[in-house]
Amino acid sequence: MTEHIQRAPGVVVAVSGLTKHYPGVQALTDADMSIRAGEVRALLGRNGAGKSTLIRLLSGVETPDAGTIVVDGQPLDGGVRRAGELGVQPVHQELSLVPQLSVAENLFLGSWPLQGGRIDYGRMRDETSRVLGELELRISPDATVGELPLAEQQLVEIARAVRRQPRLLILDEPTSALAASEVKTVLETVRRIAESGVAVIYVSHRLDEIRQVASSATVMRDGRIVETVGLEDVTTEQVVDLMLGETAQSVERLVTGEVDRDVTPLLRVRGLHVPPKLQDVSFDVFPGEVLGIAGLMGAGRSELLRALAGFESIAAGTVTVAGERLAAVRPRAMKRLGVGLTPEDRKGEAIIPLLGVDENLTLADYRSVSTGPTIGWRRLRETARTLIQRLGIAAAGPQTPIVNLSGGNQQKAVIGRWLHAGSRILLLDEPTRGVDVQAKEEIYGLVRELADRGAAIVFVSGELEELPLVCDRVLILRDGGLAGEMTGDEITTDSVIAAAMATT
Amino acid sequence: MTTTAPAAPSGVRAVFRGHRLNEAGLIIAIALLYVILGVTAAGFLSPSNQLGMLRDAATIGIAAWGVTLVIISGEIDISIGPAVAFSSVLVALGSAQWGLGIGGAILLTLVLGAGWGALAGWLRARFGVPSFIATLGLWSVLGGLGLYLTDALPVVLPESGLMDVLGGSILGIPTAAIVMVILLLVFVYIAKYTPYGRAVYAIGGNAAAAELSGINLSRVRVALFATTGLLAAITGVLLAARLGAGSGSAAAGLEFDVIAAVVIGGTALAGGRGSLLGTFLGVVFITVIGNGLVLLGVDSFLQDVIRGVIIVGAVLINVWAGRRGAATRTS
């Protein structure tokens, strides 16, 4: 079938009928798309819309169940290596550089130029200078990558892909980890690459940024390509509507009562500066309130929560807990005051994988299950069993190693840890990341229940559409500062997403 | 949801089996060694040899209890051998030359032992010096000091009833072995029944999570190394009592026997997993092999070769069993 492929002039990559199933999931259905040389195409969609599946198929990591991918007239009929030969170069969200090595060494990682069996450092340097020069980047080939600012590391990552002379460059949220001021150079570089005749797929959630770099956008939803639009012709609201479809309007809010905001707030933050991410953040959280923090990746969400739990050094600002103004925000003091943080990275920072659910639930506070200094294991298991029941954790028994539980159940246990420790201010960082739909709903229910019992909850999420479900109030965090507040019925999926994505 | 309910019970069993497999395997291996050596090595089963083995086990075991916790927490302590030697020198010099009396010399040794251990822990906790390096430093400093202070000659202990008891037996059982067993019970209690002990497991399993849960990493780390320092000092005092002298060249290579016993006992060098019961079996295993090789009249250099092969083989089986457990868990 290779010979019959039609080539529209200038088209670098043509995708037709592309379909991919995973067990139980239709990850991508019947996708058609083509991109011309020199074009920057934005790829938009919520989490789980199928963007990553499309990217994985294009870069040869996965093979499609049906459909074809044609790059420069050649079918992509092999794995990553074949995709590389055809000139598809993905740049993934996580940096894959070796920080201890120089820029030049990183550009040639794994394919060092040899001369007589020795690495030819001269050629490596020259080639690197040439690539960096083409991109008009002022980065020394000899600089150690780990010592460069994050934006320049991202540029080195892009330069590495460019060195291989790609036909199609795929950039997956290249600016998500960068501060606003650093984004500009990255965008300029992307434009320059496109001008040299490369087709670029640019995945990002930041619409303002997309408008600066791309001319058209392909919007995905539920594993399908919904539409490809010219960005000059559409408003941000229209794009958001395309992304959300009909589902957005039909959500059921779990929010019940009114929050009394005349009482002393449980947590009061004023003028919080946490370099380098956060500037001048002020807000209150009241008993019984779920306060959502909406922001895109890199907006400073996690930094805010970590700072409030005492794990980041605060440069300026005050924190007041239940009317008591704190001289210093330190981890153990905050814990004593009833502040509990559940981190975003559940596996890396929250669970102790090999310990049982029982110990993972109780390890923040052994006092209530101890007699003097001695832990009473029977009491500990009893306490754990009660919590497991109350939180609806599906585990074979209290002693089951927590690593054997599903993500949702692990998350419930991590929240339960702070319930056990008697926390009244819960800082939840992406509590539903990577858990299935049913577990999500259970977590929403749990969060509401805790608030209704008088806890103050700060609920951070990058999945903006979940905030209207659980939050009494939503603050918009953008580029390290608060950029809006919504209360009650103002909180809709549309309004939250539009506010978080909008241009400053 | 597909992974939750069905995966959990089989997973537990796999992990459980993995642990028990190791301990059961060690018991079988030790039993086998007893049968083989009982037949081939003359005098192996004699009461005096068995009691002697208990005393040898104590030299490794006492420090191994502490090192087990250190390794579970994800750290390492390689300073045991020189620390024991230096302690024996300290107690001998203190009582024979510095006029502290036996009690004073023992106290000084124990305090200093806890002190230099705490120092290593503090370097780890406060400055992030890898514990391997911090204790390598101790290894070198203490080993050098022990030889320097004594000109590499044994320092004879003065006559003392206390030292006779420490170096001898109580009701026929070597005092060192009694101390070892008491400390084993203490450490089983600490590991299982105190927040400190559970914090050790939590830190080794996931230090970031432990910290976010409000566990004070620094305090635990300093305490861990202070403990191994103290245990090395206790071992040194008992060794001096048994030999009747302190020697800067005693206990050479003991640190590796200790680490080998801990690892053979099933404690993961990467941290987070391990048990004192396992370490106890590891100590017995190593002691029996060492004793058997001597009784069989194997050349002393060749003994090291055989021991090395057996230790690596035992750990290999251990790793293999652990991997099978992990594979069952994730599948």
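Key figures for this structure:
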item	result
Filter result (part of a helix (DSSP H, G or I), open to solvent by 10 Å² or more (accessible area, probe 1.4 Å) and of a type outside the set (Asp, Glu)) within the range A:139-150	A:146, A:150
Residue, most open to solvent (accessible area, probe 1.4 Å), within the range A:389-404, restricted to residues that are in contact with a Lys or Arg (Cβ under 9 Å, 6 or more places away or on another chain) and more than 10 Å from chain B (Cβ to nearest Cβ)	A:392
Residues of the range A:20-45 classified as open to solvent by 50 Å² or more (accessible area, probe 1.4 Å) and modelled with pLDDT of 90 or more, total	4
Single residue of the range A:405-422 satisfying the filter (more than 7 Å from every other protein chain (Cβ to nearest Cβ) and small (Gly, Ala, Ser)) that is nearest to residue A:442 (Cα to Cα)	A:408
Which listed residue, of A:135, A:171, is modelled with pLDDT of 90 or more, open to solvent by less than 10 Å² (accessible area, probe 1.4 Å) and not aromatic (Phe, Trp, Tyr)	A:171
Every residue from the range A:184-197 that is farther than 18 Å from residue A:94 by Cβ and either open to solvent by less than 50 Å² (accessible area, probe 1.4 Å) or without any contact (Cβ under 8 Å) to a residue 60 or more places away in the chain (or both)	A:184, A:185, A:187, A:188, A:189, A:190, A:192, A:193, A:194, A:197
Residue in the range A:326-333 that is out of contact with any strand residue (DSSP E or B) (no Cβ under 6 Å at 6 or more places or on another chain) and under 18 Å from residue A:456 (Cβ atoms) present	yes
Pairs where the first residue, in the range A:198-223, is under 14 Å from residue A:171 (Cα atoms) and among the basic types (Lys, Arg) and the second is assigned to a strand (DSSP E or B) and open to solvent by 10 Å² or more (accessible area, probe 1.4 Å), C-beta under 6 Å, 6+ apart	none
Neighbours by Cβ (under 7 Å, 6+ apart or cross-chain): first from the range B:255-274, without any contact (Cβ under 8 Å) to a residue 60 or more places away in the chain and within 14 Å of chain A (Cβ to nearest Cβ); second assigned to a helix (DSSP H, G or I) and buried (at least 23 other Cβ atoms within 10 Å of the Cβ)	none
From A:244, A:308, A:266, residue being in contact with a Gly (Cβ under 9 Å, 6 or more places away or on another chain) and touching a residue at least 60 places away in the same chain (Cβ under 8 Å)	A:266
Selection from the range A:82-122 of residues that are open to solvent by less than 50 Å² (accessible area, probe 1.4 Å) and either among the basic types (Lys, Arg) or in contact (Cβ under 8 Å) with a residue 60 or more places away in the chain (or both)	A:84, A:86, A:87, A:88, A:89, A:90, A:91, A:97
Members of the range B:286-322 found to be closer than 22 Å to residue A:354 by Cβ and either at pLDDT 90 or above or within 14 Å of chain A (Cβ to nearest Cβ) (or both), listed by number	B:322
Failed criterion for residue A:449 (all others in (1) open to solvent by less than 40 Å² (accessible area, probe 1.4 Å); (2) out of contact with any strand residue (DSSP E or B) (no Cβ under 7 Å at 6 or more places or on another chain) hold)	(1)
Residues located in the range A:474-499, provided they are open to solvent by less than 40 Å² (accessible area, probe 1.4 Å), of a type outside the set (A, V, I, L, M, F, W, C) and in a strand (DSSP E or B)	A:481, A:484
Residues located in the range B:206-225, provided they are open to solvent by less than 20 Å² (accessible area, probe 1.4 Å) and closer than 13 Å to residue B:67 by Cα	B:224, B:225
Pairs with Cβ under 6 Å, 6+ apart, first in the range A:365-380 and within 10 Å of chain B (Cβ to nearest Cβ) and of a type outside the set (Val, Ile, Thr), second open to solvent by 20 Å² or more (accessible area, probe 1.4 Å) and in a loop (DSSP other than H, G, I, E, B)	A:365/A:421
Flag if residue A:425 is open to solvent by less than 10 Å² (accessible area, probe 1.4 Å), in contact with a Gly (Cβ under 7 Å, 6 or more places away or on another chain) and more than 10 Å from chain B (Cβ to nearest Cβ)	yes
Criterion (in contact with a helix residue (DSSP H, G or I) (Cβ under 9 Å, 6 or more places away or on another chain), hydroxyl-bearing (Ser, Thr, Tyr) and farther than 30 Å from residue B:202 by Cβ) met by exactly one of B:160, B:73	B:160
Total residues in the range A:269-296, condition assigned to a loop (DSSP other than H, G, I, E, B) and crowded, with 18+ Cβ neighbours inside 10 Å	7
Where residue A:329 falls short, out of the listed (1) without any contact (Cβ under 8 Å) to a residue 60 or more places away in the chain; (2) open to solvent by less than 10 Å² (accessible area, probe 1.4 Å); (3) among the β-branched types (Val, Ile, Thr)	(2)
Selection within the range A:57-67 - under 15 Å from residue A:29 (Cβ atoms) and out of contact with any Lys or Arg (no Cβ under 7 Å at 6 or more places or on another chain)	A:66, A:67
Test: residue in the range B:119-129 that is open to solvent by 60 Å² or more (accessible area, probe 1.4 Å), of a type in the set (Gly, Ala, Ser) and out of contact with any Gly (no Cβ under 6 Å at 6 or more places or on another chain)	no
Extreme residue, farthest from the chain's Cα centre (by Cα), among residues of the range A:81-122 that are over 20 Å from residue A:177 (Cβ atoms) and β-branched (Val, Ile, Thr)	A:119
Residue among B:84, B:91, B:35 that alone is of a type in the set (Val, Ile, Thr), free of Cβ contacts under 8 Å to residues at least 24 places away in the same chain and more than 21 Å from residue B:191 (Cα to Cα)	B:35
Residue check, residue A:338 of a type in the set (Gly, Ala, Ser) and open to solvent by 10 Å² or more (accessible area, probe 1.4 Å)	no
Condition met for residue A:359 (more than 11 Å from every other protein chain (Cβ to nearest Cβ) and free of Cβ contacts under 8 Å to residues at least 60 places away in the same chain)	no
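Residues are listed down the side, and each one gets a yes or a no for (1) modelled with pLDDT of 90 or more; (2) open to solvent by 40 Å² or more (accessible area, probe 1.4 Å); (3) of a type in the set (A, V, I, L, M); (4) outside any helix (DSSP H, G or I):
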residue: B:11; (1), (2), (3), (4): no, no, no, no
residue: B:19; (1), (2), (3), (4): no, yes, no, no
residue: B:23; (1), (2), (3), (4): no, no, no, no
residue: B:35; (1), (2), (3), (4): yes, yes, yes, no
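The values are calculated or read from the model by the stated rules, or taken from the named source; none is laboratory data. Being a predicted model, the structure only gives us computed values, none of them experimental. Reconstructed Cβ throughout: ideal geometry from the backbone, glycine too, with neighbour counts over all protein chains shown. With ligands, DNA and RNA removed, areas are computed over all heavy atoms of the protein, side chains included. Shrake-Rupley method; radii C 1.70, N 1.55, O 1.52, S 1.80 Å.
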